[in-house]
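Just below is one structure, and these are the notes that go with it.
Just so you know, all these numbers are worked out from the coordinates, no wet-lab data involved. Bear in mind the structure is a predicted one, so any value in this text is a computation, not a measurement. Here the Cβ positions follow ideal geometry from the backbone for every residue, glycine too, while neighbour counts run over all protein chains shown.
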Amino acid sequence: MSNLFKVVVLILFMSLSFASSAFDTFVMENIRVEGIQRTDPGVIFSNIPVQVGDSVDKEVASQIIRSLFKTGFFDDVQVLIEGGVLVVRLIERPAVYKISVSGSKLLTEEQIIEALSQMGLSESAILDGAILDRAEQELKNLYMSKGKYGVEIITTTTPLERNRVAVTFDVFEGPKALIEKINFVGNVFFSDDELRDEMGLKSPGRINIFKGPLEYSKQKLEGDQETIRSLYLDNGYADFLIESTQVQLSPDREQVFITMSFSEGDKFVFDSISMAGDTVVSIEDLFQLVDIIPGEVFSRKRLTDLSQKITDRLGEDGYANATVNPVPEKDVESSRIGFTLYVNAGSRVYVRRIDINGNIDTRDEVIRRELRQMEGAWYSIKDINRSKQRLNLLGFFSDVIINTNSVPGAPDQVDLEVKVVERMTGNFTVGMGFSSTDKFLLQLGLSQNNFMGTGNSLGLSVSSGKINETYEIDYTNPYATDDGVSRTYKLGKRDTDVSSLVVSAFSTSTNSGSVTFGVPLTEYDRIYYGLGAEATQITLGANPTAEYAEFVALNGSDNTVIPLTVGWSRDKRNSAIYPTDGMVQRFGSELATPAGDLTYYNLSYKAEWYRPVTDDLTLRLSGSVAYAEDYDSKQLPFYKNFYAGGASSVRGYQSSSIGPKNSLGQSLGGKRRMLSQAEVIFPLPGLNLDKSMRFAFFVDGGAVTNHFEDGVDEMRYSAGLGFNWYSPVGPMRFNFAKPLNAKATDRTEAFQFTLGTGF
C-alpha cells in the first residue's frame, strides 16, 4: 500500500467518522477498543493521548488515527462517539504464519527464506503489502543477477484462522541466459582474444572447460572488468578507462551479448620515486626497499608492492597502522609518471593479548611455542608473518589466519587472533604394487604427527613382500627442552630374503635402535646428532653373487655397527603441506665408528626449491646427491648401497631398479646416487581454493653408480603427470610416467600409486 494511498484512506476515514458522528468536543467518560485479536491493548492505549474525564475534539481524534496507522498493525482505523464513550474500531492486518517456496533449483528454500527475512518478511511478522511486493521484486533481481533473466515469481497468500496467512512463492526459473558473444571496442594494445583469455566469463568458441560454463553472471562480469583494468594498469596504461559496459538480452531472454568500450590512453614509464612524511624509519633505509628503476614500464602492482614493503618495514618496529599514499606526478608529453610516497607511520602499538581459536585437538601451548610475536611486546609484522610460517610448517593445520584487532579506547594496543583449521595429522597408509621379483608388495604405515594434541609424533611402518619385510617405530618430541631441542627414538627390524631366486640367494636380518637430537641454531637452521646400534645377520644361499660372498668372507655373517649421525637442515618454505615458495635443504652423514665390526661412512645432501609462477602454478625443483664408502680397509656393506626408482625418486621405473645389476638383471645398488626432479604443480582446475587436490607435470632423473664419473652416462629420465589428493579416506598419489631413455635391462612401470587413510 503506497504512502499516498494511506493518506487518502486516512482522510476518508477521518471525514466519515467526523461526519457520521457530528464530532463535536465532548468529555470522554470511557474508552472502548473493538476488533483486536492479537495486538497488545497496551499498544492501542499508548497511542491515545487522553484519559477518562478529558475533553476530546477532532484534532485529538485525528492524532489517534495517525498514531495507530503508523504502527503498521492495522488496515483500518476509525474513531467514533457513542454517547460519552470514545470508540476505537480497528481491522488488524494478518500475521504471517508460514512462508514456503516451490520450484527453486538455483537457490534452496532456506536461502530464500533467509533473504526474505532480511527484507522484513518472516514468520510471525505482520503482513505488509508493500514489503510483500518489494520482496517479490528483490527475489527476481537475485535470480537475474545469477543469469536467470526469464524468472517468474508468483506470490500467493492463503487466509487462515485467527487472522493469519500462509505466503507461498512459486518460482519458475526458466533457462539460464548464456553468453553468445563478448565484444571489445577501443582496444589496441591487447587483442580481443587476449582479453577474453583473461576473463572468467566465456563465449562460444572460447570455452575453458576447467573454468566453468557460459552462463552470464553480473558478479563475474564486475570481476572481469577489474581483471582487465589491472591488466592495463600493470602494463603501463595509467589513464586506462572502461568507458561503458553494455549487456543486451535476446528477445527470448536466453542469450547475452556483452560489449565493453575502452579508452587505453598512452603508455607510461616510471619517473623518479621520492618520499615524504613522518617516516620514523630513516629515509635512507626506506629507499633501500625501492626496486623501481626510472624508465621501467609503469605498473600499478609494482607500486602497490612497494607501498606494502614500506608499511611492512614500519610494521616491524611496531607501527601497525602505518600507511603509504602514492601521489602521482604525471608528465603527459613525455609519458612519464613519477610518485611521491607520503608515509604516515601513525602511533606505535604493542600487542596486549593473543587469542587462539579453532584448535580442537591441538593444545594451546603447542601453538603458542611457535609464535614469535609475544604478548606485551611491540607489534611486529615480521614476527607475525614468521609465526604464521612456523605454524604452517608444523603440518597440523590446513589453514592459519592471524587477525589484528584494535582495542577500544586504547589506540596504542592491539589484540591478535590466531585462527587455525586443523587437518587430520594421523595417517594409515597402504601401498600396493607388483614386480617381477617381489611379486605382490604391501606397505603399511601408521603415524600420528600430533599425538594426543601434544605436537609429538609417533610412527609405525610395516613393509611386507616376498623378498623384504620391514618393521619400524619412532617417537619424536620436538620440544624435549624448553628452548626447542628435539629428541627422536627409533627402533627397527628389517628382514630380506632372496632365497627363492635361482641365484644370488641370501637373506639378512637387521635389528636397529637409535636416539637423535635436533638443536635449533637460528630461526631456520637446525643441526642433528645421534647415536645408534645395528646388529645384522647374513645368510647366503647356495649360489650367491660374488660381491656378497666376498663381503661375508671378509667380515663374517654377523656384524654389529655403532653409527654416529650428524646432520643439518634449513627450512624456509612457507608451508610443510602445500609449499608454494621457499627452499628447504638437508645434509646428513653417518659414520660407522670403530666401536663396531664394520667401518664406513655416507654423506647426503638434498635441496628443494619452490617458486610461484602464477597464482595457480608453482615450480618445484629438487636435487640430491649421496656418497658412501668404507674406511680402515673394510668393505661397505652391500645392504647399505643406495637405490633409485619408484614413486619417490624416478617415476616410471620400478622401485630400487635403477643402477648396477648382476648377470640376471637383479639390482645390486651402488655407492653413489644422484637424483633430480622438476615439477610444475597446479590445483585441480576449477577448484583453485581447494589445496587438497593437485596435479603436477614432472621430469625426473636419477643414477646409481659406484663412481660419480659414471653418473652422466647412467642417468635415467622419465616424464609424466602426477596427481595427489588428500581425500576424505586418506592421501592418494597417482603417477603416470614414461621412461625417456630406458635400456633393455631396466624394469619400467607406467602407473604407480599409493593409498592411505587419515584420522
Cβ-based exposure ranking for Met260, Met28, Met452, in which fewest neighbours within 10 Å come first
Met452, Met28, Met260
Taking the Cβ of Lys105 as the center, what net charge do the other residues with Cβ under 15 Å away carry, scoring Lys and Arg +1 and Asp and Glu -1?
-3
Which lysines have a Cα less than 23 Å from the Cα of Lys738, not counting those fewer than 8 places away in the same chain?
Lys439, Lys661
Among Ile402, Ser117, Ser457, whose Cα lies farthest out toward the positive end of the dipole of the chain, if unit charges sit on the beta carbon of Lys, Arg (+1) and Asp, Glu (-1)?
Ser457
Whole-Hz Karplus couplings 3J(HN,Hα) for the range 640-653, θ = phi - 60° and coefficients 6.51, -1.76, 1.60, Gly and Pro as x, run 9, 5, 8, 9, 8, x, x, 5, 9, 9, 10, 5, x, 10
In deg cm²/dmol and to the nearest 500, what is the mean residue ellipticity at 222 nm of the chain if only DSSP H runs of at least 4 residues count, each as -39500 (n - 2.57), divided by the residue total?
-5500 deg cm²/dmol
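Report the charge-dipole magnitude of the range 543-583 in Debye, nearest 20, computed about the Cα centre from +1 at each Lys and Arg Cβ and -1 at each Asp and Glu Cβ.
That gives a dipole near 360 debye.
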Signed unit charges on C-beta, dipole axis of the chain, positive-most listed residue Leu178, Thr488, Leu554
Leu554
As a test, work out the antiparallel percent of DSSP beta bridges whose residues both lie in the range 95-172, rounded to the nearest 5.
60
Explain nothing, just the number: dipole magnitude of the range 178-263 about its Cα centre with +1 on each Lys and Arg Cβ and -1 on each Asp and Glu Cβ, in debye rounded to the nearest 20.
220
To the nearest 20 debye, the chain has a Cα-centred charge dipole, built from +1 on Lys and Arg Cβ and -1 on Asp and Glu Cβ, of 1540
State whether the range 350-422 is rounded, prolate or oblate according to the following rule on the C-alpha gyration tensor (a ≥ b ≥ c being the square roots of its eigenvalues): a/c under 1.5 gives rounded; otherwise a/b larger than b/c gives prolate, and the remaining case gives oblate.
prolate
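Would you mind putting 398-409, 271-282 in packing order, based on average other-beta-carbon counts within 10 Å, highest first? Working shown, then result.
Working: 398-409: 13.7, 271-282: 15.2.
Ranked from most to least packed, the peptides come out as 271-282, 398-409.
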Could you tell me which residue out of Pro41, Leu231, Gln666 lies farthest along the dipole of the chain toward its positive end? Charges go on the beta carbon: Lys and Arg +1, Asp and Glu -1, centred on the Cα centre.
Gln666
Rounded, prolate or oblate: which fits the range 60-147, taking a ≥ b ≥ c as square roots of the Cα gyration tensor eigenvalues, rounded meaning a/c under 1.5, else prolate when a/b beats b/c?
prolate
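Share of antiparallel DSSP beta bridges in the chain, in percent to the nearest 5?
Percent antiparallel among DSSP bridges in the chain is about 85.
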Just for the range 59-207, what percent of DSSP beta bridges are antiparallel, to the closest 5?
70
Mind listing the long-range amide H neighbours of Asp597? Cut-off is under 5 Å, sequence gap 5 or more, other chains count too, H placed in the peptide plane at 1.01 Å from N.
Thr560, Val561, Ile562
Counting only residues 5 or more apart in sequence or on a different chain, those whose built amide H sits under 5 Å from that of Leu668 are Lys661, Asn662
Any of Lys220/Lys691; Lys148/Lys202; Lys572/Lys640; Lys140/Lys220; Lys181/Lys220; Lys490/Lys640 with alpha carbons more than 25 Å apart? Name them for me.
Lys572/Lys640
Which Rg and Dmax, in Å, describe the Cα atoms of the range 269-344?
12.5, 42
Take the alpha-carbon positions of the chain, form their convex hull, and give its projected area averaged over all directions (one quarter of the hull surface) in nm².
49.6
Spelling out what I want: for every residue of the range 580-589, take phi, set θ = phi - 60°, compute 6.51 cos²θ - 1.76 cosθ + 1.60 (Karplus), and round to whole Hz; glycine and proline get x.
10, 7, x, 9, 10, 10, 9, 10, x, 9
Under Karplus coefficients 6.51, -1.76 and 1.60, residue-wise ³J(HN,Hα) of the range 105-122 in Hz, glycine/proline x
10, 5, 10, 7, 4, 5, 5, 5, 4, 5, 5, 5, 4, 5, 8, x, 10, 8
For Asp76, list long-range residues whose amide hydrogen, built 1.01 Å from N in the peptide plane, is under 5 Å from its own amide hydrogen.
Ile91
DSSP-loop GluC sites (Glu not before Pro) across the range 303-359, with at most 15 other Cβ within 10 angstrom:
Glu333
